[in-house]
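Input: a single structure, listed below in structure tokens.
The values are calculated or read from the model by the stated rules, or taken from the named source; none is laboratory data. Fair warning: this is a prediction, and the values are worked out from it, not measured in the lab. As a convention, Cβ positions derive from the backbone with ideal geometry for all residues, glycine included, and neighbour counts pool all protein chains shown.
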């Protein structure tokens with residue numbers, strides 16, 4: 001018999017006992033899953049050995065092929081990754097004390113600090129929900145007892161006519177209590193169970209952080225853990241406000257039940273608060289998903305969206321035509337044509353200067369020479385490059401010819 005069997009037996013007694021039972025079962029399930037995966041006789045221990053061997057082999061191949069170097073910038077992230085994976089995948093103490101406490105006990109501690117409560121904020125919140133539902137059950141019993149005591153001989157007809165109605169104050173009250181139960185206990189227990197499942201599968205995703213192609217799965221697992229850890233925190237904080245609003249409503253319902261009937265106005269107030277709380281829980285889920293989706297998980301998997309946006313918004317380089325001019329093309333020699341071409345080049349330069357820097361349009365830059373016509377920029381660069389060497393070559397040729405002439409004169413003399 002395990003330690004959680006007794007808690008499971010009394011889980012139906014209320015919200016707080018069911019929450020304690022879920023936490024206990026989740027802890028036992030996570031510990032058992034870790035031992036079955038990477039424990040002393042775990043089924044995935046050979047897989048872990050193969051993954052570590054491949055990780056070292058890939059790094060050795062990158063060194064042999066020159067893709068990586070033996071330096072601090074290359075070895076530090078690899079050694080840190082290897083050490084963290086070995087620590088959290090092979091040690092239950094490290095896994096439970098760091099990841100489990102951060103995911104389960106961390107949000108509960110933050111909620112306790114914000115609400116000013118001593119102890120677990122989730123359990124205190126569950127106890128308050130049990131008090132509210134106990135008060136609603138007592139109100140229903142008082143109203144039923146008062147109605148039975150005041151029944152007359154024509155009571156059967158009154159009950160028949162009342163049953164024909166669509167909604168009675170008691171029905172509205174119980175419908176509001178049901179919405180409140182689903183919006184608090186349902187969301188809280190669902191988040192705790194989902195978090196337990198993710199933590200049980202955690203060692204597998206920790207090992208997947210070794211390789212770049214599988215680090216996205218580790219990043220997604222971390223986002224899921226953070227999401228299911230934030231939801232109980234937001235539920236406790238939002239539910240505490242809803243319970244504070246229900247205190248005067250429950251008081252009005254109890255006073256009306258002592259008089260033999262349930263106040264319709266108080267019942268509608270309870271239904272309204274419960275409906276607002278359900279809408280708040282839906283908004284809480286949306287906010288939590290938005291927060292987690294924008295989180296960059298320690299560089300494990302970059303979205304790449306920002307890089308694509310920068311690449312698209314960056315101005316494209318100016319294109320230079322490389323085609324040589326046709327052989328039969330004649331350049332205009334008139335001064336009027338040169339002036340027209342110069343004016344055209346100035347207009348192109350002015351329009352390109354006034355264009356925004358982020359314009360993605362292609363630009364064509366042409367160069368006008370003094371003789372008119374269009375000359376490719378590449379040919380000018382080649383001519384200029386040839387000119388640099390030709391000067392030194394011409395100077396050496398002139399000096400050589402001068403030496404030969406002087407030597408010939410000396411022989412003739």
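Return the only residue of 201, 246 being crowded, with 18+ Cβ neighbours inside 10 Å and either assigned by TED's automatic domain parsing to the domain that holds residue 28 or without any contact (Cβ under 8 Å) to a residue 24 or more places away in the chain (or both). Before the answer, list the steps.
Details: 201 fails: crowded, with 18+ Cβ neighbours inside 10 Å.
Every option except 246 fails the conditions.
Checking residue 146 against (1) at pLDDT below 85; (2) exposed (fewer than 14 other Cβ atoms within 10 Å of the Cβ), only one condition comes out false. Which one?
Here residue 146 clears every test but (2).
How many residues does region 7-55 hold that are exposed (fewer than 12 other Cβ atoms within 10 Å of the Cβ) and either in a helix (DSSP H, G or I) or in contact with a helix residue (DSSP H, G or I) (Cβ under 6 Å, 6 or more places away or on another chain) (or both)?
Of the residues in that region, 7 qualify.
If the requirement is being modelled with pLDDT under 90 and surrounded by fewer than 21 Cβ atoms within 10 Å (Cβ to Cβ), which of these qualifies: 216, 224?
Going through 216, 224 in turn, the sole match is 216.
Which one of these is loosely packed, with under 11 Cβ neighbours inside 10 Å and at positive phi: 71, 66? Spell out how you get there, then give the answer.
On the way: 71 fails: at positive phi.
It is 66.
Starting from region 58-78, take each residue that is under 15 Å from residue 210 (Cβ atoms) and list its partners that are modelled with pLDDT under 85, counting only C-beta distances under 6 angstrom and pairs at least six apart or across chains.
Pairs found: 62/68.
Condition check: modelled with pLDDT of 90 or more and in the same structural domain as residue 81 (by TED's automatic domain parsing). Does residue 185 satisfy that?
Answer is no for this residue.
Residue by residue through region 79-100, note down the ones that are in a helix (DSSP H, G or I), surrounded by 13 or more Cβ atoms within 10 Å (Cβ to Cβ) and free of Cβ contacts under 8 Å to residues at least 40 places away in the same chain.
Across region 79-100, the qualifying residues are 86, 87, 94, 98.
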